[in-house]
Amino acid sequence: MDPTQITLVQAHAMLRSRQISARELTTAFLERIARINPIINAFITVDGEGAMAAARMADERLAQGTATPMTGIPVGVKDLFCTQHLTTTCGSKMLARFRPPYESTVTRKLKEAGAVILGKTNMDEFAMGSSNETSWFGPVRNPWDIRRIPGGSSGGSAAALAARLALATIGSDTGGSIRQPAALTGTTGLKPTYGRISRFGMIAFASSLDQAGPMAWSAADAAMVLQVIAGHDAMDSTSIRDDVPDYSAHLSTRMEGLRIGIPAEYHPESLNPEIGQALDEAGRVFGALGATLVPVSLPHTRHAIPTYYIIAPAEASSNLARFDGVRFGHRCQDPVDLKDMYTRTRSEGFGAEVKRRIMLGTYVLSSGYYDAYYRKAQKVRRLIADDFHQAFQKVDLLLTPTTPGTAFPLGEKIDDPVAMYLSDLFTINVNLAGLPGISIPCGSDSQGLPIGMQLIAPILKEAPLLSAAHAFQTATSWHQRKPEL
Amino acid sequence: MANDPLYETIIGLEVHAQMLTRSKIFCGCSTTFGAEANTQICPVCAAFPGVLPVLNRELVQMAIKTGLAVHGTIRERSEFARKNYFYPDLPAGYQISQFELPIIERGELTLDLESGEKKRIGITRIHMEVDAGKSLHEGIQGASWIDLNRTGTPLLEIVSEPDLRSSREAGAYLKKLRSILRYLQVCDGNMEEGSFRCDANVSVRRRGDTRLGTRTELKNLNSIRNVMRAIDFEADRQIDLLESGGTIVQETRLWDANLNTSRSMRGKEEAHDYRYFPEPDLPPLVITRERIDAVARQLPELPDAKAIRFSRELGLSEYDAGVLTSSREMASFFEETVQQGAHPKTAANWITVELLGRLNREGLEIEQSAVTPRRLGRLIGLIQSGDISGKIAKQVFELMFETEADPERIVAERGLKQVSDTGAIEAAVDKVLAENPTQVQQYREGKTKVAGFLVGQVMKATRGKANPAAVNAILQAKLSG
Ligand SMILES: [Zn+2]
């Protein structure tokens, strides 16, 4: 048996019954990473030594009976979660040698639960991108076709999973950065409610939208990871105080009485017809499981992209001001004065997409433009959230495509920012409204590339969301398809 | 000129007061002043990637207290905002402040003008914000040092309406505001150390005009005296400019206390665009009515209320009441003195005349006084019980100041206790009458004024210790007998 080809749920059972040790499991994944990562570039940093040390400790816990469901589980973490003493780059030259003196809440919780962190996964620079091509450490390749992108910005986390380089990974989602790459790599990616998981130690892109989340082989696996990383954190004033339910216990295979809304605005003409067909088929599966499909409308959907591309860059322009060469990160050589240091440090340290968004954000916040852009965008954001609120008066969940197309070739959209931004057409609204959303595989196109669908739930309804995804995955096998590598 | 017959000066003040919280505004680092550079910092202070601010609750209490003390409206929902600009001692590249929704709006402060009138000065707003670090340019060539210890120190920015009309009013406003903050124990008010800082907005207009003139902003004012001098200088400069046909330019000017002049720092066109927007890392701050009421119940008695009580209940003059409430320390000195049993009016006199006179000569503050309120109260007690005379008490007071000894001990050791024993006084009187027959004769002939001389002689003979009332009575009796 190849231990890299099992699910998290299975691995946990095997660890607990001592059919495999955490060391054996970790060694298997490290060996596979050594073989496959050079092809797909999913990891920026592999921490073999740290992983083996964690695996030894996990074995002790398993032996002592103090193990949690995540003890001994090898995971990959997106490289924007600060890990104490382990390089955290955020995919940028700016932080290429940055070793944080503190631990993010997400990685601290994983470590405390006994998870084995294999390394840090590749990502678009500062999470700005939808193809993982903006990383200073080179693009990530899609395991389904290495000439294609894996999506972004959590492209490394998605590709690592699809290539079976970890049992689960952690991503972050600001406008679709977990769900879009999950869809393009045939994996399961959950963006929880804004504030469900602490942002402490997660390098900020757009603070009011950023949310960490699990990526896994199935909704059942994702539930186990979410269980560990969710919850209030005194270090993050925007984290939610509500108790964390037992997500795995809520998983069900039945959907009787569940009403699923199909928003009309999510089936535009630009939608790849194969994706449209896959969604129709998914709807029939849900119907067969006992759910009712209800047409709904989210009238402000078309304003999502312009709204997002005002709010996210505005916050980013401010969040990224701290990278000034003074205290950490890249500093230019021999600055002649302060202005020179700022200008060259930032010109050299940031890539083109990051600079583009800093300029966009600076512009929309400028005096004289603030009301026309930022303030108006905040109003539209409320309208978008109201749309969802209205829809959830009638339905329990919403079903939409995750992306308008399947994985596109490397280089195809990198010089066309607007085309790139449109990849997040169906995911951005969910961030603007702060809702939980999950992408799960629901088909493949004529070239065999994965198709993903998105389920959206009301605030803090991760349990029914995961349950519906689990029911679908019990009835279908799309999530079990594996790329040949 | 401050009292130019043609022009009126319009002044508004922005005060930055450092709050005396134990820890910084958004992290657990200490706020102690004067530690070695960069020893009181953490990843939050230094704005490392991914760290987040957590608001200090103690600061919110202090802001509510201050708001209540100036009769301001405390917003049920206020909001933090980011003020964006690049500077090496501003680690995040933005200052967390409050912009559109400050915690306090519409307060006021009453000034007691020298004319005896009272004047209300509006307070536009009070908001919370974070202090920056310090850039040091000394001792290094072609570079600067950055000390982030001060980064994260909580500030209240207190913005007045342009209601002040002279440098004297501005000075009085600052003294009053500082006194209130010290009463509340939220700020130490030290302008030299920068824990109480002031910028002044100044404009002039012809008397009778209702429109405001173009204003300039004055910075680097590190004492109340400098605030007043800079305002006078600026008003004169603007009037001269207008009189010679010039126009005022909206600008920021830096005061130079050594040269007694100001120079332009930056014009309107060079003004920063701070790109304010709501701070997404902190949820809006909600303050309930119950919380405000709880703070209100703990509010100490403030100077205005105290002064009214001192004059109404303790019978002090308005002037004395004003002096004795001008600082928290002064008021508690007075109150403790009275607690020792001293009559309030007597205590007020001793403090405002003897004690403050001596402290002024020594250049000391009341909290540095060698004579404690307990001892001063007991000294006054000795006068009231007739143990010493007022005149002797002054000698004792000076000795108390120098030796820091109890008044009873000084009186006993130096044998200053007043003689009320009539036998001893009678003997002294008899002796004086026998030695001064001429004056006795004159008295009996009707020149009763010589009694004063005779009393003096008796006091001299008893080295001032005889009870003057007893001396008088006995002398009168013997002379008329
Ligand atoms: Zn700190």
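Values computed for the structure shown
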item: Whichever residue in segment B:37-58 is in contact (Cβ under 8 Å) with a residue 40 or more places away in the chain and farther than 23 Å from B:Val186 by Cβ and, among such residues, is nearest to the ligand (Cβ to nearest atom); result: B:Ile41
item: Whichever residue in segment B:69-97 is aliphatic (A, V, I, L, M) and away from chain A (no Cβ under 14 Å) and, among such residues, is farthest from the chain's Cα centre (by Cα); result: B:Ile74
item: Conditions (1) within 15 Å of the ligand (Cβ to nearest atom); (2) touching a residue at least 60 places away in the same chain (Cβ under 8 Å): number failed by B:Thr9; result: (1)
item: Which numbered condition B:Asp406 misses (of (1) open to solvent by less than 20 Å² (accessible area, probe 1.4 Å); (2) within 21 Å of B:Arg358 (Cβ to Cβ)); result: (1)
item: Residue among A:Pro483, A:Pro441, A:Pro458, A:Pro464 that is in a loop (DSSP other than H, G, I, E, B) and under 21 Å from A:Met224 (Cα atoms); result: A:Pro458
item: Residue check, B:Asn84 away from the ligand (no atom under 16 Å from the Cβ), over 26 Å from B:Ile64 (Cβ atoms), buried (at least 17 other Cβ atoms within 10 Å of the Cβ) and touching a residue at least 12 places away in the same chain (Cβ under 8 Å); result: yes
item: Any hit, segment B:135-142, residues being surrounded by fewer than 18 Cβ atoms within 10 Å (Cβ to Cβ), closer than 26 Å to B:Thr73 by Cβ and touching a strand residue (DSSP E or B) at 6+ places or on another chain (Cβ under 6 Å); result: no
item: Filter pass, B:Phe26 being farther than 18 Å from B:Asp131 by Cβ, within 13 Å of the ligand (Cβ to nearest atom), within 14 Å of chain A (Cβ to nearest Cβ) and modelled with pLDDT of 95 or more; result: no
item: Residues located in segment A:227-277, provided they are within 14 Å of chain B (Cβ to nearest Cβ), of a type outside the set (Gly, Ala, Ser) and open to solvent by 20 Å² or more (accessible area, probe 1.4 Å); result: A:His232, A:Met235, A:Thr238, A:Ile240, A:Arg241
item: Conditions (1) within 14 Å of chain A (Cβ to nearest Cβ); (2) farther than 30 Å from A:Arg327 by Cα; number of the one not met by B:Gln141; result: (2)
item: Conditions (1) within 14 Å of another protein chain (Cβ to nearest Cβ); (2) of a type outside the set (S, T, N, Q); (3) open to solvent by 50 Å² or more (accessible area, probe 1.4 Å); number of the one not met by A:Glu348; result: (1)
item: Exclusive hit being under 18 Å from the mean Cα position of the chain (by Cα), farther than 19 Å from B:Gly189 by Cα and surrounded by fewer than 17 Cβ atoms within 10 Å (Cβ to Cβ), set B:Glu329, B:Glu318, B:Glu336; result: B:Glu318
item: Residue list for segment B:144-162, restricted to those being away from the ligand (no atom under 16 Å from the Cβ) and either on the phi > 0 side of the Ramachandran plot or open to solvent by 50 Å² or more (accessible area, probe 1.4 Å) (or both); result: B:Ser144, B:Trp145, B:Glu161, B:Pro162
item: Close pairs (6 angstrom Cβ cut-off, 6 or more residues apart or separate chains): more than 11 Å from chain B (Cβ to nearest Cβ) in segment A:307-333, surrounded by fewer than 22 Cβ atoms within 10 Å (Cβ to Cβ) and part of a loop (DSSP other than H, G, I, E, B) anywhere; result: A:Arg331/A:Gly325
item: Any hit, segment B:98-119, residues being touching a residue at least 40 places away in the same chain (Cβ under 8 Å), within 14 Å of chain A (Cβ to nearest Cβ) and aromatic (Phe, Trp, Tyr); result: yes
item: Among the residues listed as B:Thr21, B:Thr66, B:Thr31, the single one being more than 16 Å from the ligand (Cβ to nearest atom), polar (S, T, N, Q) and within 23 Å of the chain's Cα centre (by Cα); result: B:Thr66
item: Residue match in segment A:104-123 (condition: of a type outside the set (A, V, I, L, M) and within 29 Å of A:Cys442 (Cβ to Cβ)); result: yes
item: Any hit, segment B:387-398, residues being open to solvent by less than 20 Å² (accessible area, probe 1.4 Å) and either within 23 Å of B:Leu177 (Cα to Cα) or at pLDDT 90 or above (or both); result: no
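The values are calculated or read from the model by the stated rules, or taken from the named source; none is laboratory data. Small disclaimer: the values here were computed from a predicted structure and weren't measured. Because the Cβ atoms are built from the backbone with ideal geometry, glycine has one as well, and the counts that use them run over all protein chains shown. Surface accessibility is based on the protein's heavy atoms, side chains included, excluding ligands, DNA and RNA. Shrake-Rupley method; radii C 1.70, N 1.55, O 1.52, S 1.80 Å.
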